[in-house]
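To keep things clear, I will list the structure first and then write my remarks on it.
The values are calculated or read from the model by the stated rules, or taken from the named source; none is laboratory data. Predicted model, so just to flag it, every value in this text is computed and none were measured. Every residue, glycine as well, gets a Cβ built from its backbone with ideal geometry; the counts of neighbours run over all protein chains shown. Note: accessible area is taken over every heavy atom of the protein model, side chains too, but ligands, DNA and RNA are not part of it. Shrake-Rupley method; radii C 1.70, N 1.55, O 1.52, S 1.80 Å.
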Amino acid sequence: MPVTDVTQDMDTRTLTITAEFAAPVERVWQVYADPRQLEQVWGPPTHPATFVEHELTPGTRCTYYMTAPDGQRYGGWWQITEVDAAYRLTFDDGFADAELNPVDTAPVSHNVYTFEEVDGGTRAVYVSTYDSAEALQQVLDMGVVEGSRLAIDQIDGLLAA
């Protein structure tokens, strides 16, 4: 299992997930850079993702939806803020409506994903910061830890394929 640590800190409003992969940094980066690969791991296995728009360039918006087993779609968006290809990606991630427009009343996470070489593999550290402790608690109550763990743990299978 790639996820090695999950830490929640209500004082700093952060959720930090650390994972390790038996693949080079450049290969792990490709999972996030290629929307067809990302679709295979962004949602938990029961809620696969479809990226409608995806470009890792600062200032761009990516849109996606996850599909539940009953066919219900749950939209989301990323606003890309910084890219250091293969090593760092920063973006805001929020909920979207059926037309993939941002839902202003839902929590938004400010994310910093870093990838570093460790013993021939990759350590990924995913840090999500929320505007308030209440927003963090809301996504925790929605199952973000469990869903993220299930999603990230799928990456090994994709890397091995």
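Things to note:
- Considering the range 59-73, the residues that are open to solvent by less than 50 Å² (accessible area, probe 1.4 Å) and either free of Cβ contacts under 8 Å to residues at least 12 places away in the same chain or more than 13 Å from the chain's Cα centre (by Cα) (or both) include one that is nearest to Asp84 (Cα to Cα), namely Thr60.
- Given (1) closer than 15 Å to Tyr32 by Cα; (2) not in a strand (DSSP E or B), index of the condition Thr105 fails: (1)
- Selection status of Leu56, surrounded by 14 or more Cβ atoms within 10 Å (Cβ to Cβ) and either among the basic types (Lys, Arg) or in contact with a helix residue (DSSP H, G or I) (Cβ under 8 Å, 6 or more places away or on another chain) (or both): yes
- Residues in the range 83-111 that are within 24 Å of Gly71 (Cα to Cα) and in contact (Cβ under 8 Å) with a residue 40 or more places away in the chain: Leu100 only.
- For the range 86-102, the tally of residues that are in a strand (DSSP E or B), small (Gly, Ala, Ser) and open to solvent by 10 Å² or more (accessible area, probe 1.4 Å) stands at 1.
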